[in-house]
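A.B. asks: Take a look at the following structure, please.
Throughout, read-outs are computed from the coordinates displayed, never taken from laboratory work. Being a predicted model, the structure only gives us computed values, none of them experimental. Every residue, glycine among them, receives a Cβ derived from its backbone with ideal geometry; neighbour counts consider all protein chains shown.
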Amino acid sequence: MSQPTGQKKIVVVGAGWAGLGAAYHLSKQGYEVTLLEAGAYPGGLVAGWQTEKGRSVEAGIHGFWYPYSNIFALTDELGIQPFTPYTRSSQYSPAGLEVESPIFQREPYLPTPLGTFIYTRFKRLPLIDRLSALPLLYSLVDFDNSDEAWHRYDCMTARELFKQYGVSERLYKESFEPMLLVGLFAPGEQCSAAAALGMLYYFILAHQPDFDVRWCRGTVGEMIFRPWTEQIEQAGGRILANHRVTDVRIGAGNKIDAVVCGDEVFEADAVIFSVGITGMKKIVGQSEGLCDRPEFRNLSNLNGIDVLATRLWFDRKIDIPLPSNACFGFHETTGWTFFDLNALHDEYKDEPGTVVEADYYHANQLLNLTDEQIIPLVQKDLAVCIPAFGEAKVVDQSVIRIHQGVSHFAPGSYRYLLPGKTSFSNVFMSGDWIVTRHGSWSQEKAYVTGLEAANRVIEQFGQGQPASIIPIVPDEPHIQASRVLNKGIRSITQQVLPNFWLP
Ligand SMILES: Cc1cc2nc3c(=O)[nH]c(=O)nc-3n(C[C@H](O)[C@H](O)[C@H](O)COP(=O)(O)OP(=O)(O)OC[C@H]3O[C@@H](n4cnc5c(N)ncnc54)[C@H](O)[C@@H]3O)c2cc1C
């Protein structure tokens with residue numbers, strides 16, 4: 001498509017959910033968009049590709065939870081139906097099956113959190129342990145995702161929070177810690193309490209159906225990113241893979257006026273960074289201009305987390321009761337999940353054997369192992385959950401190591417996370433680690449912050465329509481009332497008591 005003259009040049013760095021979201025909207029609004037991606041394929045942490053044998057693999061299986069309204073609106077707009085129906089899931093420990101979750105939207109609707117407590121089928125966890133979660137509800141009301149609430153809860157670890165509210169050891173170990181390992185990719189003593197509360201509320205507790213999840217019927221790369229990138233290019237956007245940004249050029253008037261990729265220089269009227277924490281730290285480390293600003297050099301205080309994604313092809317059909325499964329208690333500080341791809345992916349429906357994805361989160365100690373060491377370990381873990389895996393033969397495999405790839409919401413990290421606007425007047429941030437008041441997490445958050453960054457560009461140049469961003473569903477009335485009451489009490493106590501104790 002030919003570009004009209006006078007178009008503003010926007011350079012977007014990183015082609016994950018955030019960068020693609022920003023690039024798509026701005027291309028549609030007539031901006032001259034160049035999207036620079038270091039990797040060989042767009043998609044970022046969700047990228048998928050084919051092995052030499054022509055088999056589809058990806059960097060871990062990605063679920064799409066019920067509240068992902070903006071992503072669902074996008075796939076509707078693209079005219080694609082990439083998702084499976086909502087699926088049930090289970091949890092295993094070395095002792096066997098522990099929990100089965102129903103499809104919550106099919107159960108009679110109860111005010112939160114009753115549905116979650118009543119409809120989740122715990123096989124072993126005694127009622128007394130489950131009831132020990134009740135006092136924690138106060139902190140869920142108190143944490144309202146405001147800047148002030150983040151500061152109040154961020155310096156505490158999630159484990160300290162659960163201990164403070166009297167959660168039983170068994171409930172913590174068998175329920176909360178597995179959720180943290182899968183949702184925030186780290187054990188409780190390494191997670192910010194603020195992030196834990198935000199994540200648990202968004203995915204599980206805000207409304208009864210929120211924990212319902214569906215999956216792509218193939219790799220997200222093939223089912224969503226391929227048709228999406230085609231539409232970005234049709235709208236005039238340029239997507240340049242294998243383009244690793246190494247520096248920026250500082251211009252006049254508190255602006256960055258170009259982005260540097262080795263020998264290539266891309267002029268820019270505005271820049272959107274959509275790279276993960278580790279990628280951003282690398283760019284800052286090479287850039288004198290960015291290092292000069294405290295907000296960017298302080299990113300050295302943030303970190304990513306190691307993840308391992310494996311895909312195994314077995315020689316025979318194995319009965320896996322539910323398609324998605326989370327596991328805990330197998331490895332100290334590492335959580336893992338496994339997925340029945342014969343059930344989820346169209347490509348593997350008629351496969352003669354079984355295709356399983358097993359992903360390990362907070363997998364630091366596993367990343368240095370060879371594939372030959374990893375595969376028997378995965379098979380052993382699978383066999384503990386479903387013994388038939390022990391007798392089957394692995395006929396093909398894929399092992400993907402994601403070093404420092406996912407965002408670590410460590411205790412005390414909030415003060416270093418960047419907001420969408422930076423101290424450069426024409427540089428905006430997006431990604432799943434950027435501060436936003438939207439309230440979403442993970443892929444949905446990354447996409448939403450991409451749209452927010454696009455809207456900041458539109459606000460700056462006054463050209464085009466802002467993207468409409470669907471807010472999360474409001475709190476239920478009893479939660480709203482409890483929040484108002486709690487805020488009132490908090491403000492009275494603050495007026496009466498001296499500002500003396502740690503917040
Ligand atoms: C195994 C695994 C399982 C997960 N499961 C789920 C799930 O079930 N549901 C869910 O919602 N989320 C899940 N997530 C999290 C989800 O993948 C992320 O939240 C989301 O993809 C982040 O998107 P992003 O656009 O912010 O960043 P990223 O996807 O990290 O994209 C950043 C991009 O920037 C590029 N880049 C980096 N440096 C440079 C540079 N110098 N120049 C140019 N480009 C650069 C990278 O190559 C990358 O493509 C999972 C993640 C993993 C790893």
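A.B. asks: Which of the listed residues, Ala47, His438, Ser398, is farthest toward the dipole's positive end in the chain, when Lys, Arg count +1 and Asp, Glu count -1 at the beta-carbon?
C.D. replies: Of Ala47, His438, Ser398, it is His438.
A.B. asks: Using the per-residue mean of other Cβ atoms lying within 10 Å as a proxy for protection, in what order, highest first, do the peptides 327-336, 465-474 fall?
C.D. replies: Order by mean packing, descending: 327-336, 465-474.
A.B. asks: Let me ask another. With just the Cα atoms defining each centre, how far is segment 425-503 from segment 364-397? Give it in Å.
C.D. replies: What the calculation gives is 42 Å, centre to centre.
A.B. asks: Then there's this: Between Leu344, Phe330, Asn298, whose Cα lies farthest towards the positive end of the dipole of segment 243-372 when Lys and Arg beta carbons carry +1 and Asp and Glu beta carbons carry -1, centred on the Cα centre?
C.D. replies: Asn298
A.B. asks: Work out the length of the dipole vector of the chain about its Cα centre, built from +1 on the beta-carbon of each Lys and Arg and -1 on the beta-carbon of each Asp and Glu, and round it to the nearest 20 debye.
C.D. replies: 760
A.B. asks: In addition: Which entries of Lys8/Lys281; Lys53/Lys380; Lys255/Lys421 have Cα-Cα distances beyond 23 Å here?
C.D. replies: Lys8/Lys281; Lys53/Lys380
A.B. asks: Mind putting a number on the dipole of segment 63-178 about its Cα centre? Charges go on the C-beta only, +1 for Lys and Arg and -1 for Asp and Glu, and I need it in Debye to the nearest 20.
C.D. replies: 620
A.B. asks: Report the charge-dipole magnitude of segment 119-263 in Debye, nearest 20, computed about the Cα centre from +1 at each Lys and Arg Cβ and -1 at each Asp and Glu Cβ.
C.D. replies: 540
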